[in-house]
Ligand code: 5GP
C-alpha cells in the first residue's frame, strides 16, 4: 500500500555506536526508504565517499547554505558542521518515500520542533566500555578526538528521554530487527492508515 506521505525517521546515537552499519543493513532490507546524505565540513575517513556517506564541503559553502535557508537543521559537533538538506528530503517525503536521518541530538531537537510527525529513535551500545572499545577499534581518530567523542556521548545520553524509542546495538541484526519492528508499528498507526479507511466509511 503506497502512502500519501513518507515517514520522517530520525536516528541518533553516539559516534562509534555502529549506526552506519545498522543503517546499511536496514536500507538493504527495506523498500521505499531513502537515507538522507548529510552535508559536513569534516574530512572524509578512509573508505568514505563524497555523495555517499556525506557531501563533503568547506566551511564557506556550509555557511552559505545556512544563510540561504537550505538546511532543515544543522549543528556543530566536535568542531565541524553537519546539516540536512531540506529540499532533498522534502521531495522524497512528498513522493511517499520514508526518509532516514542519522543526526546528533541538537539537530534532532530542531527536527522535533519543525516536524511534529517525525519518529525519533536513539541507538546505544550495550555499555559505555563497549563504545570506547568500538571507537578505538575503528582506528581512524586520535586519542584526543576519541576522548572528545566519548565526552560528547555522555552529554548526548541525557537527551534520550526526548526520543520515542531506544534501540540497543549489541548485535547488528538485533538492532536492525528492533528498528524494523518500530517502523512496521508506525506504519500500522491509525493516523498513518487514513487513506485506506475512506473505503470503510
Ligand atoms: P561522524 O563524524 O561520526 O560521521 O558523525 C558525528 C555525528 O554527527 C554523529 O552523531 C552523526 O549522527 C551526526 N550527524 C551526521 N549528519 C548530521 C546532520 O546532517 N545533522 C546533524 N545535526 N548531525 C549529523
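Derivation of every value follows stated rules applied to the coordinates shown; laboratory data play no part. Not measured: the values here are computed from a predicted model. Counting neighbours? That spans all protein chains shown, and the Cβs are built from the backbone with ideal geometry, glycine included.
Brief remarks follow.
- DSSP-defined beta bridges in the chain - what % are antiparallel, rounded to 5: 30
- Fewest-first ranking of 198, 84, 40, 140, using other Cβ atoms within 10 Å as the exposure measure: 198, 140, 40, 84
- Over 15 Å [Cα-Cα, the range 1-46], rounded percent: 60
- Cα centroid separation, the range 86-165 to the range 1-58 (Å): 11
- Over the range 49-136: Rg over Rh, Cα atoms, Kirkwood Rh: 1.00
- Average silhouette area of the range 143-201, convex hull of alpha-carbon atoms, in square nanometres: 6.3
- Zone of residue 61's modelled label, taken as backbone nitrogen in the range 73-113 under 15 Å from a point 7 Å along Cα→Cβ: 81-85
- Summary of packing: across the peptides 57-63, 88-94, the per-residue average of other C-beta atoms within 10 Å ranks them, highest first, as 88-94, 57-63.
- Neighbour-count order for 48, 151, fewest beta carbons within 10 angstrom listed first: 151, 48
- A quarter of the convex hull surface defined by the alpha-carbon atoms of the range 90-141 gives 5.4 nm² as the mean projection.
- Taking the fewest neighbouring Cβ atoms within 10 Å as the starting point, the ordered list for 101, 86 is 86, 101.
- For the chain, the relative contact order is 31 percent, taking Cα pairs closer than 8 Å that sit 6 or more residues apart in sequence and dividing their mean separation by the residue count.
- Working from Cα pairs under 8 Å separated by at least six residues, relative contact order for the range 17-115 is 30 percent.
- Altogether, the Stokes-Einstein calculation at 37 °C and 0.692 mPa s, with the Kirkwood radius of the chain over Cα pairs as Rh, returns a diffusion coefficient of 184 µm²/s.
- Helix 143-157 and the longest principal axis of the C-alpha atoms of the chain enclose an angle of approximately 40°.
- For the range 45-93, the orientation-averaged shadow of the C-alpha convex hull comes to 4.0 nm² (one quarter of the hull surface).
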